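Working notes, beginning with the structure itself.
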Amino acid sequence: MPRKPVSHWPRLNPFASLPKRTATRRTAAPRTKPASRKPALSTDGVWARSFFSSLPAPGRFVNHITYSLYRPRNAPRHGPLVVMLHGCKQTAESFALGTRIDRAADRFGFSVLLPEQSKSRHPHRCWNWFDPPEPTTGSDADAIASLIRAIVRQHAFDPARVYVAGMSAGAGLAAQLALHAPTLFAAVALHSGAVSAAARSSLDALKVMQYGSRSDPVQLIDAVVSVRDYPGMPALIVHGERDGVVAKINAEQAARQWLRVNRFIDAEGEPISGTRTVSDRGDRLVIDHRRSGRCVVRVCIVRRLGHAWSGGDARVPFHAAEGPDATAMLWSFFRYRRRDAPASAGT
């Protein structure tokens with residue numbers, strides 16, 4: 001079970017250093033640039049940082065996952081939960097700062113769970129999104145799913161309104177969770193992620209990130225998911241047009257996979273249901289796949305954006321001020337969806 005919170009993230013020092021007074025004659029003060037204010041976490045709600053112990057992988061004695069949980073003061077009882085999975089070289093704190101997910105939580109009243117990868121499992125804190133397609137005991141996907149179930153029970157969140165989102169390696173893990181634990185989530189959002197089920201090792205992962213999959217993405221997903229039995233999953237895919245780390249082709253291939261599991265296309269990739277609309281909004285191209293008038297799969301390609309969270313805090317690495325606010329986008333996509341409703345429900 002989750003432990004009681006053991007610490008809180010420290011507040012940043014609001015005081016700037018003052019220039020020292022000298023005994024020399026008065027001279028014109030040199031011009032200096034004003035100090036850039038550091039980003040700070042919201043203090044309107046309650047931050048808690050703790051760890052969760054899940055079943056270890058074979059050969060390991062323990063499997064601890066550190067996590068941070070943010071609950072706005074206006075969060076309703078039995079309210080929604082958004083799970084945010086950071087990318088490589090990020091932490092739970094830096095991801096919260098860069099995406100401003102806590103500010104969105106304050107505004108809209110949802111809580112946020114931010115698991116954090118340890119350096120003992122990966123030196124760059126990357127999630128192992130290329131684990132075997134079916135999560136095994138002790139894998140990152142298995143541990144995160146166990147953590148989410150425990151947090152939902154402990155804090156009485158609405159199990160029908162749990163959503164998962166990720167950036168880069170976090171997007172890869174979010175996709176794996178949504179594919180193999182679909183009853184746990186009402187929707188998924190993937191930012192700068194790679195196509196699923198195409199890599200089996202870190203070397204494979206690098207090739208897929210750079211070039212996409214050489215195999216048909218529809219065949220890849222059919223090999224790991226029973227489309228006939230899959231309950232469906234609304235999916236939002238956001239990707240930078242100039243992403244030099246995870247090539248844009250990954251977004252295009254991932255979109256075909258989510259169209260397949262939501263039964264928009266058949267095993268040959270041919271359309272069998274729904275409609276497709278393309279909207280050029282200047283800074284982004286939005287492709288919506290709808291069924292009964294409701295968007296089920298949305299792809300957003302952000303122009304001039306590299307490998308960074310769109311519309312985030314540029315003072316935090318891997319976040320860019322350019323582009324639409326991806327955090328607002330994901331909550332707009334999530335907010336009306338429920339797992340106990342048809343998979344295509346939404347706005």
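Couple of notes before you dig in:
- Condition check for Gly282: on the phi > 0 side of the Ramachandran plot and within 21 Å of the chain's Cα centre (by Cα): no
- Residues (assigned to a strand (DSSP E or B) and touching a Gly at 6+ places or on another chain (Cβ under 6 Å)) located in segment 75-90: Leu85
- Taken residue by residue, segment 171-181 has at least one member that is more than 17 Å from Pro217 (Cα to Cα), surrounded by fewer than 24 Cβ atoms within 10 Å (Cβ to Cβ), of a type outside the set (Asp, Glu) and at pLDDT 95 or above.
- Pairs meeting the criteria (first residue in segment 110-131 and under 21 Å from Ser53 (Cβ atoms), second residue polar (S, T, N, Q), beta carbons under 6 Å, at least 6 apart or on different chains) are Leu114/Ser68; Glu116/Thr66; Glu116/Thr91; Arg125/Gln117; Trp127/Gln117; Asp131/Ser139.
- Members of segment 91-115 that are under 12 Å from the mean Cα position of the chain (by Cα) and not in a helix (DSSP H, G or I): Val112, Leu113, Leu114, Pro115
- Qualifying positions in segment 174-191 - among the aliphatic types (A, V, I, L, M) and either more than 15 Å from the chain's Cα centre (by Cα) or more than 19 Å from Arg339 (Cβ to Cβ) (or both): Ala181, Leu184
- Of all residues in segment 210-221, those satisfying the criterion of being surrounded by fewer than 24 Cβ atoms within 10 Å (Cβ to Cβ) and either among the aliphatic types (A, V, I, L, M) or at pLDDT below 95 (or both) are Val218, Leu220.
- Residue pairs meeting the criteria (Cβ under 9 Å; at least 6 apart or on separate chains; first without any contact (Cβ under 8 Å) to a residue 12 or more places away in the chain, in segment 291-304; second in a strand (DSSP E or B)): Gly293/Thr275
- Counting only residues that are among the small types (Gly, Ala, Ser) and farther than 18 Å from Asn250 by Cβ, segment 284-309 holds 2 of them.
- Residue satisfying all of: in segment 170-199; in a loop (DSSP other than H, G, I, E, B) and not aliphatic (A, V, I, L, M); farthest from Asn128 (Cα to Cα) among these: Phe185
- Residue that is modelled with pLDDT of 95 or more, over 18 Å from the mean Cα position of the chain (by Cα), buried (at least 23 other Cβ atoms within 10 Å of the Cβ) and of a type in the set (Gly, Ala, Ser), where the choices are Ala198, Ala160, Ala194: Ala198
- Criterion violated by Arg256 - all others in (1) touching a helix residue (DSSP H, G or I) at 6+ places or on another chain (Cβ under 6 Å); (2) more than 23 Å from Ala326 (Cα to Cα); (3) of a type in the set (Lys, Arg) satisfied: (2)
- The residues in segment 200-252 that are in a loop (DSSP other than H, G, I, E, B), without any contact (Cβ under 8 Å) to a residue 40 or more places away in the chain and more than 21 Å from Ile272 (Cα to Cα) can be counted, and the count is 3.
- Put simply, of Asp280, Asp204, Asp243, Asp222 the only residue that is among the acidic types (Asp, Glu) and closer than 30 Å to Arg338 by Cβ is Asp222.
- Pairs, first basic (Lys, Arg) in segment 91-102, second assigned to a helix (DSSP H, G or I), C-beta under 6 Å, six or more apart: Arg100/Thr327
The values are calculated or read from the model by the stated rules, or taken from the named source; none is laboratory data. The structure displayed is predicted, hence computed values, not measured ones. Backbone-built Cβ (ideal geometry, glycine too); neighbour counts: all protein chains shown.
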